[in-house]
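The values are calculated or read from the model by the stated rules, or taken from the named source; none is laboratory data. In this text, all values refer to a predicted model and were calculated from it rather than measured experimentally. As a convention, Cβ positions derive from the backbone with ideal geometry for all residues, glycine included, and neighbour counts pool all protein chains shown. Side chains included, ligands, DNA and RNA excluded: accessible areas come from the protein's heavy atoms. Shrake-Rupley method; radii C 1.70, N 1.55, O 1.52, S 1.80 Å.
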Amino acid sequence: MESMREEESLKALYKDAFHIGAAVNPLTIDSQRSLLAYHFNSLTAENEMKFSSLHPEENLYTFENADVIAAFAREQGMALRGHTLVWHNQTPDWLFENETGGKAERDLLLERLRSHIQTVVGRYKDVIYCWDVVNEVISDENDESAFLRPSKWLDIVGEDFIAKAFEFAHEADPQALLFYNDYNESNPHKRERIYRLVRSLLDQGVPIHGVGLQAHWNLYDPTLDDMRAAIERYAQLGLQLQLTELDVSVFRFDDRRTDLTRPEKGMLELQAERYESIFRLLYEYREHISAVTFWGAADDYTWLDHFPVRGRKNWPFLFDESHAPKPAYERVAQIPKRAAMEKK
Ligand code: HXH
């Protein structure tokens, strides 16, 4: 039962700042139910609303798992973010092929996209208040001339697949807040490319309302200065910002060790300090940030157990494998409390 938890609720502590969200799936809704209900007021489907999950064949929609998540959000009165409509991964091949098995024509692909967006956005418009319309289209290349990531979308439609996706989503639900979402968002080169993309969409009058910073971070990277500079820069667009997929891996990205079965001495204290610095920064920019969503909720379930090293346990969250608050939770909880005391 939710009331049996002793620590204070994160969503209550941060109610005047931003939503506190978690990515879920039907299994974690079951296994983490009371933790989710107590601490979080926003949810995102981890995989269940991606194109391949919802629409694996042209004439087949599979809504069961997504419906479980939508029903839980409705039942709990939680905000729900939609993730995601256009992406280069977890998207079925049929979409990009025509009737004869060749490359789909531009108009055919755009019509399929419009139809998919109408169906999916329309189905959940009572409960989903914002969508990650386009995910990860900016290149990671360090080369100065790189801009958009090569993809079937870009190849077949051209650069305006991005604008079209936002237009279709706006048409399907004029009230939904529409986001561009990406990772390595605090890298200065990629930051400027993301800024340029969103600025150009705004200049063209494309309906876009927010920038999603995935925030797949670790104990060492990115630097706080780069996080701050990214938030400052995206805020100059005049749009709301959300952290959409926050986790703090205990491993550097290129640390491929597989020998730890529990956090090393000092890791959880370092993680607590890191989370404290991060949430101080987010709290400082709360006028621009409308939600902070973790890509999971507690250390018993994280995609980082399989990325970038398959089968290596990670401990990225504020709650441990038995859902008890970690040192990082205490630091994060303190921030709005201390701010309230200083105001009095
Ligand atoms: C996110 N991508 C997705 O938005 C989310 O839908 C998914 O469930 C988990 C994470 C993050 C990501 C981006 C690129 C990537 C891996 C994860 O690919 C790389 C591969 C090798 C090296 C670096 C990145």
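Mean-square fluctuations from a GNM of the chain, with a 10 angstrom spring cutoff on Cα atoms, peak among H288, H116, H306 at H306. So what does the Cα-only Debye profile of the chain read at q = 0.07, 0.08, 0.11 Å⁻¹, as log10 I(q)/I(0), no solvent term? The Cα Debye sum returns log10 ratios of -0.29, -0.38, -0.73. For the range 226-279, dividing the convex hull volume of the Cα atoms by the residue count gives 105 Å³ per residue. Panel note: the C-alpha atoms of the range 59-107, placed on their principal axes, show extents of 46, 19, 18 Å (largest first). Relative to the Cα centre, the charge distribution of the chain, modelled as +1 at Lys and Arg Cβ and -1 at Asp and Glu Cβ, gives a dipole magnitude of about 840 debye.
Computed with every protein chain present, the accessible area of D203 is close to 120 Å² [probe 1.4 Å].
When the surface is traced with a 1.4 Å probe over the full set of protein chains, W303 keeps roughly 70 Å² accessible.
The share of C-alpha pairs in the range 182-231 whose separation exceeds 16 Å stands at 40 percent.
For K337, the lysines whose Cα comes closer than 25 Å to its Cα, not counting residues fewer than 8 places off in the same chain, are K11, K15, K326. Paramagnetic label reach from Y61 (point 7 Å along Cα→Cβ; backbone nitrogen cut-off under 15 Å): within the range 108-144, residues 112-128.
Of the residues E276, E64, E245, the one that moves most in a GNM of the chain with alpha-carbon contacts below 10 Å is E64.
Just add up the charged neighbours of R199: K/R +1, D/E -1, any other residue whose Cβ is under 11 Å from the Cβ of R199.
On the way: positive: R193, R196, R233; negative: E192, D203.
Residues near R199 contribute +1 overall.
State which helices in the chain qualify, where a helix is a whole DSSP H run, it must extend 15 Å or more along its own axis by its Cα atoms, and its mean Kyte-Doolittle hydropathy must be at least 0.0. Qualifying helices, which must be both long enough and hydrophobic enough, are 161-172.
Just want to confirm a number: the relative contact order over the range 24-182, from Cα pairs under 8 angstrom separated by 6+ residues, in percent. If you can, show how the numbers build up before the last one.
Details: 227 pairs, mean separation 36.8, N = 159.
After rounding, I find 23 percent.
Under the rule a/c < 1.5 gives rounded, and otherwise a/b versus b/c splits prolate from oblate, where does the range 1-92 land using the Cα gyration tensor?
Numbers: a/c = 3.04, a/b = 2.08, b/c = 1.46.
Here the range 1-92 falls in the prolate category.
Calculate, in whole percent, how much of the Cα-Cα pair population of the range 168-297 lies beyond 26 Å. Present the calculation step by step, with values, prior to reporting the outcome.
Details: 2357 of 8385 pairs.
Summing the P(r) of the range 168-297 above 26 Å gives 28 percent of all pairs.
Here the contact order of the chain, divided by its residue count and restricted to Cα pairs under 8 Å and six or more residues apart, works out to 17 percent.
Within the range 9-89, list the trypsin sites (Lys or Arg not before Pro) lying in a DSSP loop whose Cβ has at most 16 other Cβ atoms in a 10 Å radius.
Values: sites: K11, K15, R33, K50, R74, R81; in loops: K15, K50.
Those satisfying the criteria are K15.
Using a/c under 1.5 as the rounded threshold, could you call the range 95-190 rounded, prolate or oblate? The axes a ≥ b ≥ c are square roots of the C-alpha gyration tensor eigenvalues, and prolate needs a/b larger than b/c, oblate otherwise. Here the range 95-190 falls in the oblate category.
Compute the relative contact order of the range 238-314 as a whole-number percentage, counting only Cα pairs closer than 8 Å that sit 6 or more residues apart in sequence. Mind showing how you got there, number by number?
Working: 66 pairs, mean separation 39.2, N = 77.
The value is 51 percent.
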